[in-house]
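In what follows, a structure is listed as structure tokens, so that the remarks can point back to it.
Each value in this text was obtained by applying a stated rule to the coordinates, not by laboratory testing. Please read all numbers here as calculations on a predicted model, not as lab measurements. Counting neighbours? That spans all protein chains shown, and the Cβs are built from the backbone with ideal geometry, glycine included.
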Amino acid sequence: MSSAAPQRPNGLALFILPSVLLFALFFFLPIGLMAVMSVLTGNPVVAPKVAFTTRHYARMFDDPYYLEVIWTTIRIGLVTTLVALAIGYPLAHWMARIKSRTGHALLLMAVLAPMLTGIVVRTFAWMTLLSDKGVINQTLISLGLISQPLKLMYTETGIVVGLVHIYVPFMVLTLTGVIGRIDEQLEQAAENLGASPLRAFIEVTLPLSLPGILAGSLLVFALAISAYVTPILLGGFQIMTLPILIYQQISANFNVGFAAALGIVLLMISLLLVIAYNRALGLVSGQRELQ
Amino acid sequence: MSASIEIAGVSKVYDGGVRAVDAVAMDIRQGEFFSLLGPSGCGKTTTLRMIAGFEIPSAGAIRVDGADITHVPAHKRDMGMVFQNYALFPHRTVAENVAFGLRMRGLDKASIATKVKAALAMVELSGLEDRRPTQLSGGQQQRVALARAIVIAPRVLLCDEPLGALDKKLRQQMQFELKQLQKKLGLTLVFVTHDQEEALAMSDRIAVMNGGRVEQVGTPAEIYNQPTTRFVADFIGDTNIFRGERTTTSAGGPALDVGKGLILALPASIETQGTGVLSVALRPEKIRLSPADGTAASARGVVENTNFLGGAVLYRITLGGGHRVLVQQPNAGTDRLFVPGNGVTLDWTPADLVVLKD
């Protein structure tokens, strides 16, 4: 159809312009800049003579300290995700299947209410609970169950507790949507065919909610590995994670290039997970390949 | 081995006081095709779900072959069920769906494969083993659901409006096949439907339900020809219902004065001396229609409109006094059709009037 009239621009296309600009300015531009900075010797704005280098990445992968930081970040992310899933799944299942409207509203409020408070406030609340002279340790000591306060603050455990509390709603809301769309009659059909309620859950509901489990886990993991406030307050610089390290490199060491390289690594971890997620979902949903 | 079911005074009251099923009692015989028929909200599905074990009765007992199963959990009842929307497992293939119940019973792989193959052959779905339910048509999904339910050789097969989602042609074909399969396997089958034609065509016996109660239990012919209540007469097929005071004919026989100058002679089986208000039903096809010159007529009227149904013709006729009646006649040829405005005489036998309980 070479003789076809030249296509007139669709007027509706103009409406996506704001979002295109927004994405370009606040997403692609900063990430692009970060990627560029991570392979430069210095800041081209202040230092006129800059050259390409891979030394930031080399430094990261040569020094076991930085590898340890990356691994700690991933470990905290994984544990947070698993705990959030263990807490969030039963809650989401309950919310998706509850018959009473009032009950559903109350559950939803209970899940959402903490999100109305700032992360800093919630983290401080955990500090009063977890510290050596905090509520938990004082209670246990006064009950005579322990003599020395448990080391809850300034440990990975403390960070995970704080992160789980903050990110569990994301897990619950993602899962509730998916579980709510599974026909309850499928479980009944399984029971009718001789499966105990637990077996029916394992055979039917669990596999069908796998997309929600994957999506919720991905979301919580990505948020947990990029969290800054909670690890700093509950870890008290005793536990070093990637976001804290990046902040230090910029604010204390002024090593923007190295900070950018660390940022790219953090981004890559999330990106790899998204790709793995799509693959897994493709396998789960059978023949349908995700384009 | 097929079983009999006894439903003894079963009620279901939901939180909030809604009485979905109210003191329902019926006996379903072994190897019987038994339908629960009624409008939506009449309690038929709740009754079925109580038999399946998905709902616990608030009162009464359900017995299978004499054994009380009222509180036995669903997965230990050994019943097959075909759900209204089929409830096929979307993440499993056709063969895996059918194999599910056998797997739960711990059968070995080889005998599962043999039985699945036989069940799929029985519903004529051989060759589709590896498809997913979403890749099948509605009729095929329906057959998979049926195969999945019968492959476990259930004591009872429960069907919740299984043909509701199919178009008319396919529906009739499936009605025929399901009935044939049921007879061949000697299955006790409890079938829930709101479609009276379907119930009449397929069932050995029907329980007509309304407002949580059983109105009448009987064979299709009994339900149609001798409805005992006004609801049953009205719900099953077209019918003319008259209501009036008891009186006597000039000859001294029992009769009913339905007002507007119309007095209906009642069947001779009714006692002559009686008073009070009665309702009677008269099926449209029990009335004979002839041109207005007839002599010994039960009533006279004018054709208001003519519905040509093909094999039969349905007339709406206004009687002299103002009553309106439906009359159905076999199609006896174009030249024998009455058209609106024709004067006609109507004849029926008093014995065809069925006295109803209100």
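Stokes-Einstein diffusion of the protein assembly as shown at 10 °C, 1.306 mPa s viscosity, Kirkwood radius from Cα pairs, rounded to a whole number: 50 µm²/s. Among the listed pairs B:Lys12/B:Lys357; A:Lys99/B:Lys76; B:Lys76/B:Lys184; B:Lys12/B:Lys184; B:Lys286/B:Lys357, those whose Cα-Cα separation exceeds 27 Å are B:Lys12/B:Lys184. Given in Å, the Rg to one decimal and the Dmax to the nearest whole number for the Cα atoms of region B:141-280 are 20.7, 66. Using a cutoff of 8 angstrom between alpha carbon atoms and counting only pairs six or more residues apart, the relative contact order for region B:222-285 works out to 34 percent.
With Rh defined as the Kirkwood radius, the inverse of the mean 1/r over Cα pairs, the Rg/Rh of chain A is 1.06. Highest average first, the peptides B:246-255, A:75-84, A:194-203 ordered by how many other beta carbon atoms sit within 10 Å of their residues are A:75-84, A:194-203, B:246-255. Of the DSSP H helices in chain A, those with a Cα length along their own long axis of 27 Å or more and a mean Kyte-Doolittle hydropathy reaching 1.0 comprise A:156-180, A:256-284. For chain B, the mean residue ellipticity at 222 nm estimated from helices alone is -7000 deg cm²/dmol, where every DSSP H run of n ≥ 4 contributes -39500 (n - 2.57) and the total is divided by all residues, rounded to the nearest 500. Ranked from largest, the principal axis spans of the Cα set of region A:47-167 equal 66, 44, 26 Å. Note on region B:68-142 and region A:117-194: Cα centroid distance 40 Å, given to the nearest whole angstrom.
Computed over the alpha carbons of chain B, Rg followed by Dmax gives 24.9, 80 Å. A:Phe26 to A:Val229: FRET efficiency via 1/(1 + (r/R0)^6), r the Cβ-Cβ distance, R0 22 Å, to the nearest 0.05? For A:Phe26 and A:Val229, the calculated efficiency is 0.55.
Residue by residue along B:64-74, Cβ atoms of other protein chains within 10 Å of the local Cβ number 1 on average. The mean count of C-beta atoms from other chains within 10 Å of the C-beta of residues in A:198-209, rounded to a whole number, is 2.
Only Cα pairs under 8 Å and 6+ residues apart enter the sum, and on that basis the relative contact order of region A:51-284 stands at 27 percent. Computed about the Cα centre, the dipole magnitude for region A:51-284 is approximately 300 debye when only Lys and Arg (+1) and Asp and Glu (-1) carry charge, each at its Cβ. Mind jotting down the distance between the C-alpha centroids of region B:181-238 and region B:297-345, whole Å? Region B:297-345 and region B:181-238 have Cα centres separated by 29 Å.
Between the listed residues B:Val98, A:Leu145, B:Val156, the Cα displaced farthest toward the positive end of the dipole of the protein assembly as shown, a dipole computed from Cβ unit charges relative to the Cα centre, is found at A:Leu145.
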